[in-house]
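Following: one structure in structure tokens, then a few remarks.
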Amino acid sequence: MIHTKTTPLRDSILRHLTYSFGKDPEHAILEDWRMALSFAVRDRIVDAWFKATQKTYETGAKRVYYLSMEFLIGRLLEDGIVNLELVDEAKSALAEYGKDYHEVLNDEPDAALGNGGLGRLAACFLESLSTIGCPAHGYGIRYEHGLFRQSFVDGRQVEMPEHWLEQRHAWEFERPEVRYRIGFGGHVDTRGETVRWYPSEEVEAEAYDTPVVGWKGRWANTLRLWSGRAIHPFDLDAFNHGDYTRAAAPEALARTISRVLYPDDTTEQGKELRLKQEYFLTGAALRDILRRFNNQFGDLRRLPEKVSIQLNDTHPAIAGPELVRILHDERGLSFQESVEIARGTLSYTNHTLLPEALETWGEGLFGKLLPRHLQIVDQIDHEHAKNFPKRTQSMRSDNLVKMGPLSFVMAHHVNGVSALHTELMKTTVFEELHNLHPERIVNQTNGVTPRRWLLACNPRLAGLITSSIGEDWVDDLGQLSKLEPFVEDAGWLDKYSTIKRSNKVELSNWMSSAHGIHADPDMLFDVQIKRLHEYKRQHLNILETIAHWLEIRDNPNADWTPRLKLFAGKAAPGYFFAKDIIRLINDAAAVINSDPMTSKFLKIAFLPNYNVTLAERLVPAADLSEQISTAGKEASGTGNMKFALNGAPTVGTLDGANVEIREHVGAENFFLFGMTAEQVMERRTTEAHARKAIEADPRLKRALDEIRAGRFSPSEPGRYEGIVSNLEGADYFLVCSDFTDYWRAQREVDASFKDTLGWARMAALNTARSGWFSSDRTIRGYMNDIWKAESLLEK
Ligand code: F58
């Protein structure tokens, strides 16, 4: 029986439970119910998926390909249910079987195939591409182990492998017929004009497809993830000789390639595997893209007209040389024309200005794994230098292959992810290349999908919005501005604050049952959730918290605004300074939370294992959003947008998209502090800036003294000497220099929060004025300015 829209969900669930999973309702476990519901929902997505594919073929439309090493998609069941508007039906269907909807949703593991913002952005983009009806594929790697699971032991981060596929996964379709051979190493054979690469090692990339459905199920695109397999999985000869390890070796080796997601790129070991992963993804994606193009159009000169490939950071930047290799070496086009076709097809998004995060590869390693590509990079660089003789920024200096300049030269457009970031790209990392190609850099400020980040995660607020202005905001978020008049209505504001309070109660209940953390929902919920990094300055936050605690102790009877400081985030396993910050926050929490003198006014909680699902719990319940990076360092941020949308005003610096958030929500609804990017650069040149800042602020000095004296680590007083001496010394991220102004901004927050109605107004204006931060707007920007692609829903 086919499960169409007309089959009641209740029947589809039972049918799948019975025939797909072989269980009757009496014996089904929670996972069976989750799978049966997922399959029932999936059936309905598949219909839209087929239709979208068919329409793309029929119209011969241009296709967009988003290549990314990360897709942080999180859970998919609720996403499907919400986008197909099946929430009520799913709830009542499960209730008929005596099952709780939320319990069933909570059984789904997070697909954590990404580290942070970059991976989550890719996931929001996929959903928006489907909502808009732009024909698109995401290409990534099907990591067996996603981002590590984090727990705390005595306050320290401990990493454990993540295994999302251990439980059954409902959303992918294995495509054993879609496989490509990906080679590494070997040698290059040149005979006259003919050049051929003969790899010495090959693995197979096998496709797994996940349909991504857009709002109201009008369109669905594909996320195609590659998994590594051996070409000859089993060495029978070795087996027959009793060498079972050698017999299984080819398979084990090939699988290594898609085994784990890289948690950071700071360590040397494993660099080779990372480069292999990047070529594995890119090589497989390009073969697949060209196969599809050939079937439909044939003439490779039309590639830029029919195909747009977006490189999510430099990780798939090998696409440039690989495309040139295929066009030139394998398909016989001239080198020059191959470069032009590749450049007409590729565009590149930069996500960071941090010099240590811009990818480079030692030419030894690069040449060993990809000998032909190294020659091609050299030739591209040579030609570029010939055209621009005064050029100094090469992609081939210091015995390195530099992926930033390579991506820039091989892309028709290069974009930054917020207005400030894009301008800084032009004056810092890509200054010279920008001057040579002034039309190439464009801005596309990031956004987030309103389906997941408001409609699904904050149903109470979504309900109030829909009852106030109708439901069109869901895929036209600018309509939230229609809420502005309601903000003058005290009755409406009261509803708005009641919703925030309910969300806080719900979060408190969850924290208490899941983690034994007891929080009073009347406190100000002050939230900083993101990867741990010195530039994100979680240590500025905890320093201010400690200083504040000491001040409350000095005067425990004053009318302090009660606050709960919430933290969550993972540190890269090899980033020891960041791990020390986590431990300091946990140590400070242990001391401060058990201080009876202050416990009414201040609590700290660091929730373990931050992931998309935890963010979905925290964002709707936040009163205050901490976006406190050193100006000039956070390319955009997207958490900042989720908070503003859900009615948590920002305390933040003029960094990344904070600048644009402040412009949209209004300066009076944003707690600004800190130096500007320009002042930061200037301050770094001031001698002993940190010492001077510490001397000038007794609160800061006291907090640092207490940490140094072991107040939070009595069994090991010197535990945080590294952090304290770093702050007193180099303080590259200017924690000390920004402390005093951060403190001032936080006291302004305290005062504002006391005015309940005023705060509700400010929060509601944040919601009403965040419409611009929808990833639908961002994707339309890419479609118009970069891809020249069209929506097939509007045709
Ligand atoms: C982030 N980058 C930016 N990189 O830091 C953030 O400002 C921006 O909003 C976001 O991209 C989306 O544009 C980011 O998340 C990574 O996670 C790297 C991936 C490769 C390994 C090292 C971390």
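Structure notes:
- Over 30 Å between alpha carbons, listed pairs 402/570; 51/642; 55/788: 51/642
- Restricted to Cα atoms, the range 417-475 shows a radius of gyration and a Dmax of 18.8, 53 angstrom.
- Sequence-distant residues sharing a close amide H with residue 637 (under 5 Å, placed H): 657
- Eigenvalues of the alpha-carbon gyration tensor of the chain, scaled by 5 and square-rooted, set the equivalent ellipsoid semi-axes at 42, 34, 27 angstrom, largest first.
- C-alpha center-to-center spacing [the range 547-585, the range 112-162] in angstrom: 27
- Cα gyration tensor of the range 348-408 - equivalent ellipsoid semi-axes, whole Å, descending: 18, 17, 10
- Residue-count net charge about residue 535 - beta-carbon cut-off 11 Å; Lys, Arg +1, Asp, Glu -1: +1
- A convex hull fitted around the alpha carbon atoms of the range 377-536 yields 203 Å³ per residue.
- Over the range 477-779, Cα pairs under 8 Å with separation of 6+ residues give a relative contact order of 24 percent.
- Here's how it looks for residue 525: its modeled amide H is under 5 Å from those of 564, 623, 624, which are all 5 or more places away or on a different chain.
- The Kirkwood hydrodynamic radius of the range 722-782, based on inverse pair distances between different Cα atoms, is 15.2 Å.
- For the chain, relative contact order (Cα pairs under 8 Å, six or more residues apart, normalised by length) works out to 13 percent.
- Neighbours of residue 212 by Cβ distance under 9 Å: Lys/Arg scored +1, Asp/Glu scored -1, total -2.
- For the range 477-779, the convex hull spanned by the alpha carbon atoms encloses 132 Å³ per residue.
- Formal net charge of residues neighbouring residue 571 (Cβ-Cβ distance under 12 Å; K, R +1; D, E -1): +3
- Between the range 515-529 and the range 740-757, the C-alpha centres lie 17 angstrom from each other.
- Charge dipole (Cα centre; +1 on Lys/Arg Cβ, -1 on Asp/Glu Cβ; no other charges) of the chain amounts to roughly 840 debye.
- Spatial extent of the range 188-263: Rg and Dmax, with the Cα atoms as the point set, Å: 19.3, 59
- Pairwise centroid distance, computed over Cα atoms, of the range 390-413 with the range 487-511, Å: 51
- Using C-alpha pairs below 8 Å separated by at least 6 residues, the relative contact order for the range 344-471 is 27 percent.
- Its Kirkwood hydrodynamic radius, worked out from the mean inverse distance over all distinct Cα pairs, puts the range 176-335 at 18.1 Å.
- Two-decimal log10 I(q)/I(0) for the range 579-682, as the Debye equation yields it once each C-alpha is a single scatterer, q = 0.23 Å⁻¹: -1.20
Just so you know, all these numbers are worked out from the coordinates, no wet-lab data involved. Predicted model, so just to flag it, every value in this text is computed and none were measured. Every residue, glycine as well, gets a Cβ built from its backbone with ideal geometry; the counts of neighbours run over all protein chains shown.
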